[in-house]
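A quick write-up on the structure given underneath.
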């Protein structure tokens, strides 16, 4: 386990260093780079959300994540390219050093909790507090309530006090089921909109140009209603 954690952390640091060297380099015609980290406790649906956004399919089988890096390159309507890196992090505290690294280096965050698990909401609040305490500058955060399809009414959710917490912390609260692509896409669109305002990103619509493919941990055969070879994905921000 310690060997796996060391390898993963070194890989994370290498990726961050590479991103920092290349970001904003107009001379080399490199894309503008943004990193979004998906954080949360175990089994809240982080990998399912990442897979839905990246490959338009729902991962039905749970497999613990150590670390997954994926990317999407978009063409921007006003010219240029945007390289969006998605970090699907481990929910286990065995990999806390990796999570701390993401908190310091990512450009924006999606913090996920499950509406049927009050402890996952407490973990989400702890993560948000850690992000705010570790960073020198404010970063956009979306607090994403996942698995809403488990209940007919929002009042039936086992997690309470969500709206009040989000208002007090000044962060955006959204809800979804990872089974519905449009709901997952909306969370990413809102986060990109906040990034556009804070990073002066000149784009109104992003058209997917190319992207990483599913790893052996998330094989195409495990994605439900997934057809990433045929679909062209756009992400509009207004």
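Given the criteria part of a strand (DSSP E or B), touching a strand residue (DSSP E or B) at 6+ places or on another chain (Cβ under 6 Å) and modelled with pLDDT under 85, does residue 68 qualify?
Numbers: part of a strand (DSSP E or B): yes; touching a strand residue (DSSP E or B) at 6+ places or on another chain (Cβ under 6 Å): yes; modelled with pLDDT under 85: yes.
Yes; evaluated as a whole, the condition is true for this residue.
Check segment 134-144 and report whether any residue there is under 21 Å from residue 167 (Cα atoms), assigned to a loop (DSSP other than H, G, I, E, B) and in contact with a helix residue (DSSP H, G or I) (Cβ under 6 Å, 6 or more places away or on another chain).
Yes: one or more hits.
Within segment 82-97, restricting attention to residues that are surrounded by 18 or more Cβ atoms within 10 Å (Cβ to Cβ) and more than 15 Å from the chain's Cα centre (by Cα), which residue is nearest to residue 35 (Cα to Cα)?
Residue satisfying both the conditions and the ranking: 82.
From the list 83, 98, which one is part of a strand (DSSP E or B), at negative phi and modelled with pLDDT under 95?
That would be 83, the only listed residue that is part of a strand (DSSP E or B), at negative phi and modelled with pLDDT under 95.
Within segment 102-121, work out how many residues are part of a helix (DSSP H, G or I) and either touching a strand residue (DSSP E or B) at 6+ places or on another chain (Cβ under 8 Å) or modelled with pLDDT under 90 (or both).
Residues that pass the stated criteria total 5.
Please specify each residue of segment 36-48 satisfying the condition of being modelled with pLDDT under 95, outside any loop (DSSP other than H, G, I, E, B) and over 19 Å from residue 96 (Cβ atoms).
The answer is 48, and nothing else.
Restricting segment 145-163 to residues that are in a loop (DSSP other than H, G, I, E, B) and surrounded by 15 or more Cβ atoms within 10 Å (Cβ to Cβ), which is nearest to the chain's Cα centre (by Cα)?
The qualifying residue nearest to the chain's Cα centre (by Cα) is 147.
The values are calculated or read from the model by the stated rules, or taken from the named source; none is laboratory data. Predicted model only: the values in this text are computed from it and were never measured. Virtual Cβ from ideal backbone geometry, glycine too; neighbours counted across all protein chains shown.
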